[in-house]
Amino acid sequence: MSSSAVIRMPKRFDYSSSTDFNGAISVALEQSGTITLDCIDLEYIDSAGIGLLVMSQKKAQSRQSKLVMINLKTAPKEILGLANLQKIIEIH
């Protein structure tokens, strides 16, 4: 049975977010299913944040789970688009 978890993304998603985010992802991956990243507050993401997303997607795939990003604002959505993240993470 698949379930889902929701992780609320911080306003700035960069290296300083890694400890909290990795902890939240680890907990969410204990259940298989969809992990929704709610980006309603997200205003800034850098290459470290993108790296965290890519690593998390790989972990999720290995557990038959997937990441979905929702409520993205224009600026972070453009950055993720430039990084071609929509090819590996579902973005709504």
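The values are calculated or read from the model by the stated rules, or taken from the named source; none is laboratory data. None of the values given here were measured: they were computed from a predicted structure. In this analysis, Cβ positions are derived from the backbone assuming ideal geometry, glycine residues included, and neighbour counts consider all displayed protein chains. Calculation scope for accessible area: heavy atoms of the full protein, side chains included, ligands and nucleic acids excluded. Shrake-Rupley method; radii C 1.70, N 1.55, O 1.52, S 1.80 Å.
For the reader, a short list of remarks on this structure follows.
- When residue 64 is tested against (1) in contact with a strand residue (DSSP E or B) (Cβ under 6 Å, 6 or more places away or on another chain); (2) open to solvent by 30 Å² or more (accessible area, probe 1.4 Å); (3) modelled with pLDDT under 95, just one condition goes unmet, and that condition is (1).
- The listed residues are 2, 56, 16, and the only one of them that is modelled with pLDDT under 95 and among the hydroxyl-bearing types (Ser, Thr, Tyr) turns out to be 2.
- Of all residues making up region 11-39, the number that are open to solvent by less than 70 Å² (accessible area, probe 1.4 Å) and either in contact with a Gly (Cβ under 7 Å, 6 or more places away or on another chain) or in a loop (DSSP other than H, G, I, E, B) (or both): 5
- Residues that are among the polar types (S, T, N, Q) and either part of a helix (DSSP H, G or I) or out of contact with any helix residue (DSSP H, G or I) (no Cβ under 8 Å at 6 or more places or on another chain) (or both) within region 52-92 comprise 56, 57, 61, 62, 64, 71, 74, 84, 86, listed in sequence order.
- Among the residues of region 40-51, the one identified as in a strand (DSSP E or B) and of a type outside the set (Phe, Trp, Tyr) is 45.
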